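The values are calculated or read from the model by the stated rules, or taken from the named source; none is laboratory data. Values in this document were obtained by computation on a predicted structure and should not be read as measured data. All Cβ positions, glycine included, derive from the backbone under ideal geometry; neighbour counts span all protein chains shown. The protein model used for the area step is the full one, side chains on, heavy atoms only, and it has no ligands, DNA or RNA in it. Shrake-Rupley method; radii C 1.70, N 1.55, O 1.52, S 1.80 Å.
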Amino acid sequence: TATSAICVTGLVVVDTGSGLDEPTLAAMEVATDAVFVTSFDVSGVRNMRKEIEILGTVGLLPKRHQLIVNMAERGSGMKPEDVSTVVGLPVKAVIPRSSDLLLASNTGVPLLTRKKQGGAAAKAMRAFITIIAAERRRAAR
């Protein structure tokens with residue numbers, strides 16, 4: 001189910017559960033952009049590929065879509081290039097595993113709204129937000 005929606009610099013961000021349930025499909029029907037999030041595990045990457053293929057087949061894949069890898073860890077046996085090859089999209093950002101990210105996820109308090117916003121995960125998220133904002137500005141011209 002859709003767990004949260006927040007407005008970030010003119011964007012409404014809808015955080016959905018994994019899979020293509022009814023609330024997710026409803027959100028995709030009106031989405032202008034999509035950020036797909038996966039991790040460095042084989043089953044998650046394969047499922048991501050399938051979901052993106054299904055969205056494309058049924059006409060719900062937004063024109064602007066991005067892929068990021070979350071909770072990335074060196075030595076996992078996968079690299080961003082592997083994910084890109086399987087999913088068929090370039091990986092735009094890699095968010096490293098961090099205790100701050102786990103704490104934010106487990107407490108429901110977004111990492112970038114917490115007072116302590118340091119660390120590699122927050123830095124990677126800010127860089128990705130900068131990329132999205134720049135791409136949207138270019139598209140608006």
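Below, the figures for the structure above:
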read-out: Residue under evaluation Ala127, criteria (1) open to solvent by 30 Å² or more (accessible area, probe 1.4 Å); (2) closer than 27 Å to Leu20 by Cβ; (3) of a type in the set (Gly, Ala, Ser); (4) in contact with a strand residue (DSSP E or B) (Cβ under 7 Å, 6 or more places away or on another chain), criterion not met; value: (2)
read-out: Filter result for Lys92 (among the charged types (D, E, K, R) and part of a strand (DSSP E or B)); value: yes
read-out: Filter pass, Val109 being open to solvent by less than 80 Å² (accessible area, probe 1.4 Å), without any contact (Cβ under 8 Å) to a residue 24 or more places away in the chain and within 19 Å of Val13 (Cα to Cα); value: yes
read-out: Residues of the stretch 25-53 that turn out to be of a type outside the set (S, T, N, Q) and in a strand (DSSP E or B), as a count; value: 5
read-out: Options Gly77, Gly56, Gly19: the member that is part of a loop (DSSP other than H, G, I, E, B), open to solvent by 30 Å² or more (accessible area, probe 1.4 Å) and out of contact with any Cys (no Cβ under 9 Å at 6 or more places or on another chain); value: Gly77
read-out: Qualifying residue in the stretch 6-17 (condition: at pLDDT 85 or above and of a type in the set (Asp, Glu)); value: no
read-out: So Arg136, is it open to solvent by 50 Å² or more (accessible area, probe 1.4 Å), at pLDDT 85 or above and either in a helix (DSSP H, G or I) or of a type in the set (D, E, K, R) (or both); value: no
read-out: Output for the stretch 90-105, where each listed residue is surrounded by 15 or more Cβ atoms within 10 Å (Cβ to Cβ) and either over 18 Å from Ala127 (Cβ atoms) or among the charged types (D, E, K, R) (or both); value: Lys92, Arg97, Asp100
read-out: Residues satisfying the stated conditions in the stretch 114-131, i.e. closer than 11 Å to Leu101 by Cβ and modelled with pLDDT of 85 or more; value: Ala120, Ala121, Ala122, Ala124, Met125
